[in-house]
1. Can you tell me which residue in the stretch 152-173 is nearest to M371 (Cα to Cα), limited to those that are within 6 Å of the ligand (Cβ to nearest atom) and not in a loop (DSSP other than H, G, I, E, B)?
2. Output the qualifying pairs, or none if there are none: Cβ atoms under 6 angstrom, residues six or more apart or on different chains, first residue in the stretch 161-174 and among the hydrophobic types (A, V, I, L, M, F, W, C), second residue near the ligand (Cβ under 10 Å from one of its atoms).
3. Of the conditions (1) surrounded by fewer than 17 Cβ atoms within 10 Å (Cβ to Cβ); (2) assigned to a helix (DSSP H, G or I), F148 clears all except one; give me its number.
4. Residues that are among the aromatic types (F, W, Y), under 15 Å from A374 (Cα atoms) and touching a Cys at 6+ places or on another chain (Cβ under 9 Å): does the stretch 21-28 have at least one?
5. Can you say whether Y138 is modelled with pLDDT of 95 or more and crowded, with 20+ Cβ neighbours inside 10 Å, as far as the supplied structure shows?
6. Starting from residues that are in contact (Cβ under 8 Å) with a residue 12 or more places away in the chain and part of a helix (DSSP H, G or I), keep the ones in the stretch 175-206 and report whichever is farthest from the chain's Cα centre (by Cα).
7. Among A16, A62, A33, which is the only one that is of a type in the set (G, A, S), modelled with pLDDT of 95 or more and in a helix (DSSP H, G or I)?
8. Of the residues Y87, Y75, Y109, only one is under 16 Å from the mean Cα position of the chain (by Cα), more than 9 Å from the ligand (Cβ to nearest atom) and not aliphatic (A, V, I, L, M); which?
Amino acid sequence: MSRVLVIGCGGVASVAIRKCAQADDVFTQMCIASRTKSKCDALAEKLKNKTKCEITTAQVDADNVDELINLINGYKPDLVMNIALPYQDLTIMDACLACHVDYMDTANYEPEDTDDPKWREIYEKRCKELGFSAYFDYSWQWAYKKKFEEAGLTALLGSGFDPGVTQCYCAYAKKHEFDTIDTIDILDCNGGDHGYAFATNFNPEINLREVSAPGSYMENGKWVEIPAMSIKREYDFDGVGKKDMYLLHHEEIESLGKNFPEVKRIRFFMTFGQSYLDHMRCLEDVGMLSTTPIDYDGHQIVPIQFLKALLPDPASLGPRTKGKTNIGCIFTGKKDGRDKTYYIYNICDHEECYKEVESQAISYTTGVPAMCGALMILTGKWKKPGVYTVEEFDPDPFIEALEKYGLPRKESYNPVLVD
Ligand code: NDP
């Protein structure tokens, strides 16, 4: 018997909400609140009479802490599920602390305005000290650890697939398969085809910021940064086939480096087709990925936000996307004194996802773990005061929930390694 407040009603949130509605033995009441209330109403209407969960909707500007506090105090949820954008992480965490409610999200904080001089000063110091220059990092949310501990509240960060399930796979490998892990390669392959020359599978602004940033990986506890897309490998993915993949900076490398300090190298690869890369390079060259406002005909326009308005809404890709995703982790290390390799991954089919929840597999593979993370907190399995990432909890109940709600794992004890 739990009451949750979901903030956001985009591609990922819509899947998480539908999955919460499926698990209506735990999610008995849910309020869907977002900037555009009509989207929340439309989804609530679709779920009417299909679930025992009592669903209400609300409008909220999650950049505004006072509005959030009013909403949370009015609804009195057991948990706030932040599935809006990373820009809102800190305001929602502040509101949860003020109202004494547990918190979770699917991506770590990054600011909307990367020209803000106060933020920029801290960012530039971090770039120099840590050695990676992505706009997002965990420091902002880890800074809340003491406040959540003292309040006796749980904050779960990054409960999507990557971050999220990938860290659960790491905790699972450490618990069941290895005495020591030497290397982790996270491989994210999307073999889906939506038929557009260019579109992003989740929020375009967040996605394009992520993939146009320099790549980086962790070696012996230190960051190694490389120019964007400069390390390329080909890999033959189960269920998908051969794809080119590129080394990217990704947020879970940071938390895994902290929580698994013995691991000598942690890398993240994502597949991209040539058309996607050509479009992205061109858009970047002409300044369309910039987050700095320009003056156009008396209006202030942020180029990447204008581009977002032109691109297909990721939520609209569902009915057109065919093919599969394959996301997982390859480990090398030792068990009982012997060298060992292990690959754990999930394969998800875009069309099957659409049949079940009217959404493509990228939103599905993120929305299901968001619901499962909430389930872990609400059922007390992952309840401990403080601010945590997924690998800091027992992986077993989460893996079990993922299997039950649509993301079963596959394993290989003899995987092809990435050189
Ligand atoms: P969308 O752009 O589809 O949805 C974002 C939602 O948040 C929209 O409903 C939007 O409202 C709402 N929103 C935005 N700003 C505000 C605000 N100020 N107040 C209230 N609501 C707001 O994004 P996605 O669903 O693609 O992504 C959601 C999250 O999931 C992101 O944080 C993304 O980084 C993360 N993600 C994580 C992954 C993982 O594996 N861990 C993978 C993919 C995504 P409106 O309808 O008005 O725009």
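The values are calculated or read from the model by the stated rules, or taken from the named source; none is laboratory data. What you see is a predicted model, and the numbers here were worked out from it, not measured in a lab. Here the Cβ is made from the backbone with ideal geometry for all residues, glycine too, and neighbour counts use every protein chain on show.
1. G160
2. If the second residue must be near the ligand (Cβ under 10 Å from one of its atoms), the pairs left are F161/I327; F161/T365; F161/T366; F161/P369; V165/P369; C168/V390.
3. If we test F148 against (1) surrounded by fewer than 17 Cβ atoms within 10 Å (Cβ to Cβ); (2) assigned to a helix (DSSP H, G or I), just (1) comes out false.
4. Step one: of the stretch 21-28, the residues among the aromatic types (F, W, Y) are 27.
Keeping just the survivors that are under 15 Å from A374 (Cα atoms) gives 27.
Pick out the ones that are also touching a Cys at 6+ places or on another chain (Cβ under 9 Å) and you get 27.
Scanning the stretch 21-28, I find at least one residue that is among the aromatic types (F, W, Y), under 15 Å from A374 (Cα atoms) and touching a Cys at 6+ places or on another chain (Cβ under 9 Å), so the answer is yes.
5. Working: modelled with pLDDT of 95 or more: yes; crowded, with 20+ Cβ neighbours inside 10 Å: no.
Spelling it out, it is not the case that Y138 is modelled with pLDDT of 95 or more and crowded, with 20+ Cβ neighbours inside 10 Å.
6. Initially, the stretch 175-206 is screened for residues in contact (Cβ under 8 Å) with a residue 12 or more places away in the chain, giving 175, 177-206.
If we keep only those that are part of a helix (DSSP H, G or I) as well, we get 175, 204-206.
Numbers: K175: 23, P204: 14, E205: 14, I206: 11 Å.
Ranking the qualifying residues of the stretch 175-206, first place goes to K175.
7. Just one listed residue meets the conditions, A16.
8. Details: Y87 fails: more than 9 Å from the ligand (Cβ to nearest atom); Y75 fails: under 16 Å from the mean Cα position of the chain (by Cα).
On inspection, the qualifying residue turns out to be Y109.
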